[in-house]
Amino acid sequence: MKDKSNPQLTERAFISLERALQHSHCCICRLVRETEEQHIWFLLYEHAGDPPLRRRFDDASGFCHYHGHLAARILLEREMMSESAMARFYETAVMTYREALQQAIGAKRNPRAAFRGGKTPGVPSASLCMACESSRHAVAGNIAALLRILGDEGHRLDYVKSDGLCNPHLALAVQKADADAGRFLLGDHERRMEKLQNRLSELLRKQAFDSHETPTAAELASWADAVWRFTGVEWKELLVRREDAKTLDRPGHKGRQVLSPSMGES
Ligand SMILES: [Zn+2]
Ligand SMILES: [Zn+2]
């Protein structure tokens, strides 16, 4: 199932997407997060002593806020991690930051000039963060894979049965889709949003002071579903573990099927 028109679309990309469609929430958010976790783990495990990568890390002032805290969790929870991997990366980042501080201290002009305009020393930037860059590639690749499989009726049915996309990833997918796939995605999304609006309205009605009806589990979850629909999905726990890394998405491996209670209802 390799797409010759796009060399980035490997068989594994399609298998990953089929697996992600069986999980709850936005399939692109899930795949991007898995890529981020794998990228950071590999960076810490394999590249703490790689000078060119370390220079890029220093230039970016380390990870952005989101990926810095994700990296900390990976270091604490994943296998084969040691504090020294992160310390090695940040040792030179701190050194680079101190050089900027010392220049600001030694400058004759008002020190605030060194921290104004352009790249502010020591403030991580999402445009330079290495994990953000990996994330942008993962978004583009997985949306391309999704649009490719939506050319097939069977996969459209899988998509309809899944939780679909968050609104930001829907917008990106529609921008890249041909007219037919775009119409399919928009029509499907409108039906999901109509159901979400109904669940929100029912929750409000049943929680009104003069109502004695009990909201359903799906209605109680509606506000949280609205949050991830509009902003993308956030996970508290790591998605990739050692066993996952070894077995997931190998051709022939079916993956786990984890369905959330609200699946198919938003
Ligand atoms: Zn998403
Ligand atoms: Zn980042």
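The values are calculated or read from the model by the stated rules, or taken from the named source; none is laboratory data. Keep in mind the model is a prediction, meaning the values are calculated, not measured. Ideal geometry is used to build each Cβ from the backbone, glycine not excepted, and the neighbour counts take in all protein chains shown.
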Members of the stretch 158-180 that are assigned to a helix (DSSP H, G or I), surrounded by fewer than 19 Cβ atoms within 10 Å (Cβ to Cβ) and not polar (S, T, N, Q): ASP158, VAL160, LYS161, PRO168, ALA171, LEU172, VAL174, LYS176, ALA179, ASP180
Hits in the stretch 47-65 - residues which are closer than 13 Å to SER134 by Cβ and without any contact (Cβ under 8 Å) to a residue 40 or more places away in the chain: HIS47
Pair list, Cβ under 8 Å, 6 or more apart: the stretch 110-131 residue aromatic (Phe, Trp, Tyr), other residue more than 16 Å from ligand 1 (Cβ to nearest atom) and at pLDDT below 75: PHE115/PRO121
Any hit, the stretch 136-144, residues being in contact (Cβ under 8 Å) with a residue 60 or more places away in the chain, outside any helix (DSSP H, G or I) and either of a type outside the set (Lys, Arg) or under 30 Å from HIS47 (Cα atoms) (or both): no
Subset tally (residues that are touching a helix residue (DSSP H, G or I) at 6+ places or on another chain (Cβ under 9 Å), among the hydroxyl-bearing types (Ser, Thr, Tyr) and more than 16 Å from ligand 1 (Cβ to nearest atom)) for the stretch 55-88: 2
Criterion violated by ASP50 - all others in (1) under 30 Å from ARG148 (Cβ atoms); (2) away from ligand 2 (no atom under 16 Å from the Cβ); (3) of a type in the set (D, E, K, R) satisfied: (1)
Residue among ALA224, ALA171 that alone is more than 30 Å from ARG12 (Cβ to Cβ) and either free of Cβ contacts under 8 Å to residues at least 12 places away in the same chain or of a type in the set (Val, Ile, Thr) (or both): ALA224
Candidate set from the stretch 34-65 (those that are closer than 20 Å to GLU77 by Cα and of a type in the set (A, V, I, L, M)); member that is modelled with the lowest pLDDT: ALA48
Scope the stretch 12-38; condition closer than 27 Å to SER82 by Cβ, of a type outside the set (D, E, K, R) and crowded, with 22+ Cβ neighbours inside 10 Å; matching residues: VAL32
In the stretch 129-157, the residues that are over 17 Å from the mean Cα position of the chain (by Cα) and surrounded by 15 or more Cβ atoms within 10 Å (Cβ to Cβ): LEU147, ARG148, ILE149, LEU150, HIS155, ARG156
Residue within the stretch 6-26 that is within 16 Å of ligand 2 (Cβ to nearest atom) and out of contact with any Phe, Trp or Tyr (no Cβ under 6 Å at 6 or more places or on another chain) present: no
